[in-house]
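Here's the structure, in structure tokens; my notes come after.
Read-outs throughout are calculated quantities, based only on the coordinates presented, and are distinct from any laboratory measurement. What you are looking at is a predicted structure, and each value in this text was computed from that prediction instead of being measured. Every residue, glycine as well, gets a Cβ built from its backbone with ideal geometry; the counts of neighbours run over all protein chains shown.
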Amino acid sequence: MDEELKKSMLKTGTTILGIVCKDGIVMASDRQVSAGNLVVSKNYAKTIKVNDYLLVSFTGMVSDAQRVVKILPAELKLKELRAKSRPTVEQAANLLSSILYSGIRQPSMIPMQVGNLIGGFNEDGTIELYTVEPAGSVVKVEDYDANFGSGMPYVLGLLERQYKKDLTIKEGVELAKEALKSSTQRDMGSGYGIDVFTITKEGIKKVVEQQILPEYIDEKK
């Protein structure tokens, strides 16, 4: 990955993460949107349901992420109509990669800057998670990932210590909440709320939707 692009992504406030469990996948994100040192939104969804079988989480420029979220479902539907079969999660990840790659390679003063986690379930019942980094490379996630958000350094250490291969969905949700708690407490670019989703053979479900509010304690008592 281009070093300048990587540094730019880490300056962009966000925490996203994905955890592979033995019975599904957990995907989660915070809600804060920042512009430099300014918080411009406290309630922005960074994990989006693309269709009935796919979820995507994003980090980076909000305008670029919004463009991706508009283009990806339409391109997937076109692909399905042409092939007369539903695209797999891997095919969706590769399509997303092509969108990102073309966005940073086309002549522009400001190249596209967005990284993604994409997860879903295939028609054969298999469940997969992929990370699509800002330069367009695709890597299948076998355990966990946090892509390139500013909260990544706070999340990966905790996941490294507490993740185990036979993790259940229920345990994965609790681990995701704990990881987001770590980043929202320490990372200036993450906060104000968390959203946690599960992907299983039964479908996609939002299982946690929490707002984080500042607490003021009167010390003069």
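In table form, for the structure just shown:
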item	result
Listed pairs 46/140; 140/170; 140/164; 46/170; 84/177 exceeding 29 Å between Cα atoms	84/177
Most fluctuating residue given options 188, 27, 152, as computed from a GNM of the chain linking Cα atoms under 10 Å	188
Computed FRET value (nearest 0.05) for residue 63 with residue 90, which takes r as the C-beta separation and R₀ as 30 Å	0.65
Of 19, 199, 48, the one that fluctuates the most in a GNM where the chain has Cα springs shorter than 10 Å	48
Pair residue 160, residue 209: separation of 7 Å Cα→Cβ label points (nm)	3.5 nm
At 1.306 mPa s and 10 °C, Stokes D of region 3-211 from Kirkwood alpha-carbon radius, µm² per second	94 µm²/s
The chain: relative contact order in percent, alpha carbon pairs under 8 Å with at least 6 residues between	30 percent
Residue-by-residue Karplus 3J(HN,Hα) for region 14-26, coefficients 6.51, -1.76, 1.60, Hz, glycine and proline x	4, 10, 10, 7, x, 10, 8, 10, 5, 10, x, 9, 10
Calculated [θ] (222 nm, deg cm²/dmol) that DSSP helices of n ≥ 4 give over the chain, each run adding -39,500 (n - 2.57)	-11500 deg cm²/dmol
Pairs from 49/77; 79/205; 181/201 whose Cα-Cα separation, in the structure shown, is over 19 Å	79/205; 181/201
Residues listed by number, region 173-203, amide nitrogen under 15 Å from residue 41 label point at 7 Å toward C-beta	190-195
Per-selection Rg to Rh, region 26-127 - Cα, Kirkwood hydrodynamic radius	1.00
